[in-house]
Each structure stands twice: as structure tokens, then as C-alpha cells.
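The structure under discussion appears below in the form of C-alpha cells.
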Amino acid sequence: MSDKTPAIADMTFEAALAELEAIVEKLEAGKVSLEDSIAIYERGEKLKSHCDKQLKAAEARIEKITLKSDGSAGGTEPLDVE
């Protein structure tokens, strides 16, 4: 990877996902040397982990609106993602 490659920790979810998709396309095309394939695969694993962490953090911040029996908003509670 070059010196101009952004640090993964500083990347937005969208930027990390876009780079991860580009890596998958390169690997699927099979036109990358073995050594480069290993390097970009390793970066892809780190990008995937970064995206997973950001998604989990976003899920933790999302709340659902609870309704009273008359249909009006009754408050919020944590979103049950399971």
C-alpha cells in the first residue's frame, strides 16, 4: 500500500466500504500478483473489521419509538437487533 492510502481508523464507513468493494473486485478479477493479493486481502480484512465496528456502534445508538395503547408516542427504548 502506498503512503497516500488513508489510515483505516480515520475512514468513514462509506469510504471503507467502497475501498473494500474495490479490493473484492481486484481479487475476483485475478489480475493481481500473489504478493499484492495477500497485501490487499489483509487490508480488506481490516476494512471489514472497521465497518463491523462502525455498524455495531450505530446500532447501539439507534432507539425505537414505543407507542401507547392510543397510538401516540410513549417514549423510546433501545433497538432490539437480535
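A few notes on this one:
- Matching option when the condition is loosely packed, with under 11 Cβ neighbours inside 10 Å and either modelled with pLDDT of 90 or more or aromatic (Phe, Trp, Tyr) (or both), among Ala9, Ala16, Ala22: Ala9
Yes or no, residue by residue, for (1) of a type in the set (Ser, Thr, Tyr); (2) loosely packed, with under 13 Cβ neighbours inside 10 Å; (3) over 17 Å from Thr5 (Cβ atoms):
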residue: Glu35; (1), (2), (3): no, yes, no
residue: Ile40; (1), (2), (3): no, no, no
residue: His50; (1), (2), (3): no, no, no
residue: Gln54; (1), (2), (3): no, no, yes
residue: Lys64; (1), (2), (3): no, yes, yes
residue: Lys68; (1), (2), (3): no, yes, yes
residue: Thr76; (1), (2), (3): yes, yes, yes
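- Filter pass, Thr5 being assigned to a strand (DSSP E or B) and hydroxyl-bearing (Ser, Thr, Tyr): no
- Pairs with Cβ under 7 Å, 6+ apart, first in segment 15-44 and closer than 20 Å to Leu55 by Cα and among the acidic types (Asp, Glu), second at pLDDT 95 or above and surrounded by 15 or more Cβ atoms within 10 Å (Cβ to Cβ): Glu19/Leu47
The values are calculated or read from the model by the stated rules, or taken from the named source; none is laboratory data. Treat the numbers as computed from the prediction; the structure is a model and nothing was measured. As a convention, Cβ positions derive from the backbone with ideal geometry for all residues, glycine included, and neighbour counts pool all protein chains shown.
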